[in-house]
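Heads up: the structure comes next, in structure tokens.
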Amino acid sequence: MLQKIVDFFIFSSLYIALCSVLMIWQTSQLLLGSPPSGRLLGFVFFSTICSYNFHWYLTPRSASPSRRVQWTQHHKALHFILYLAGAVGAIVYFFYLWTYVPALCFGAFLTFLYSAPKLPQRIFRRLQKIAVGKTFFLAFVWVYVTTVLPIIVADARWNFAFSLFTASRFFLIYAICVIFDYRDREDDKAHGIRSLITLLNQKGIDRIFALSLILFFLSNIGLSFYHYPALYVLLLLIPGAIVAALYQRAKRDFSDYLYYIVLDGLMMFSGLLMLIFRI
């Protein structure tokens, strides 16, 4: 029974939606010194439910079956219901944020493009052949929604410290995406999806991963020169250290719980630590 509850919480995308909300909270609290807009949190929460369930609803059978894939195949109807529920919730909050329509629509468009190659229409299928930058693209979407969008909605003036934090989050998420794409490379090849990870050899993948984490650490260290609390900067570094420590294991162990709980959770882990150790 407990395992079924855990599976539902993770595989229905409720977990990743809560991660996105906590990441927005961290952005607003650290960069703006104030809580984020509740309407933005509602919009992103329901949009995440909508987009992830849409993505998994369209996902075909895998060349490497896993608990995640089996759960998806047995709960297609639930994915569709959650997709509709997320869409309704996102639309409601969308109208509350009408002033920021261009920024919201841009984020929605980027999110749609990530799942579009799974649609049956030929025009979308063609995207599989040009999706070489999908790792970069997914990291960019996550950073835009959880970092750039909260700043836009807060009407804050952009500064270099914001750029450093945005870069640090991007390179952390990119490193995590590299691990996910490494796991999925056989599926991507089977479905004709080209990505940087399917084109590179093992050493090339390791170098991309290492470079991403180096840039992540440098970006965070740069924040220490902008009078952010040393404890917060230290908390920002912790997820990167954990990702680095898990890299070799994650290339051998494709456990859904390792990927969808631990690795996905590391995106918001520093935010959770900030919430616990608030100064």
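Once you have the Cα-Cα distance between residue 186 and residue 121, take 0.36 nm times their residue separation minus that, and quote the gain in nm to one decimal.
21.1 nm
What order do 55, 74, 79 take when sorted by accessible area (1.4 Å probe), most exposed first?
The most accessible residue leads, giving 74, 55, 79.
Calculate the all-directions average of the projected area of the chain's alpha-carbon convex hull, and give it in nm².
Reported value for the Cα convex hull: 14.6 nm².
Exposed loop trypsin sites (Lys or Arg not before Pro) only (DSSP loop, at most 15 other Cβ atoms within 10 Å): please give the longest stretch of the chain free of them, not including the sites.
62-156
Testing the spin-label approximation: label points 7 Å from Cα along Cα→Cβ at residue 218 and residue 278. State their distance in nm.
Modelled inter-label distance: 3.5 nm.
Label residue 163 and residue 18 with points 7 Å out from Cα along Cα→Cβ: what is the distance between them in nm?
It works out to 3.7 nm between the two label points.
As I understand it, the dipole of region 1-119 uses +1 on the Cβ of Lys and Arg and -1 on the Cβ of Asp and Glu, about the Cα centre. Which of 57, 43, 20 lies farthest toward its positive end?
Toward the positive end, the furthest listed residue is 57.
Excluding ligands and nucleic acids, what accessible area in Å² is computed for residue 111 using a 1.4 Å probe, to the nearest 10?
Only protein atoms counted, so the area is about 40 Å².
Give the separation of the Cα centroids, region 64-88 to region 151-187, in Å.
26
Looking at region 132-189 from every direction and averaging, what is the projected area of its Cα convex hull in nm²?
Spelled out: convex hull of the Cα atoms, projected over all directions, averaged, 4.2 nm².
Top mean-square fluctuation among 220, 53, 201, Gaussian network model of the chain, C-alpha springs under 10 Å?
Sorting by GNM fluctuation, first place goes to 201.
Which value in nm describes the separation of the simple spin-label points at residue 199 and residue 39, placed 7 Å from the Cα toward the beta carbon?
Here the answer is 4.2 nm between the modelled labels.
Within the accessible area of the chain, what % is carbon and sulfur when the probe is 1.4 Å and the other protein chains stay in place?
69
List the chymotrypsin sites (Phe, Trp or Tyr not before Pro) within region 142-187 that fall in a DSSP loop (any state other than H, G, I, E or B) and whose Cβ has at most 15 other Cβ atoms within 10 Å.
158
The values are calculated or read from the model by the stated rules, or taken from the named source; none is laboratory data. Values in this document were obtained by computation on a predicted structure and should not be read as measured data. Using ideal geometry, Cβ is built from the backbone for each residue, glycine included, and neighbour counts are taken over all protein chains shown. Note: accessible area is taken over every heavy atom of the protein model, side chains too, but ligands, DNA and RNA are not part of it. Shrake-Rupley method; radii C 1.70, N 1.55, O 1.52, S 1.80 Å.
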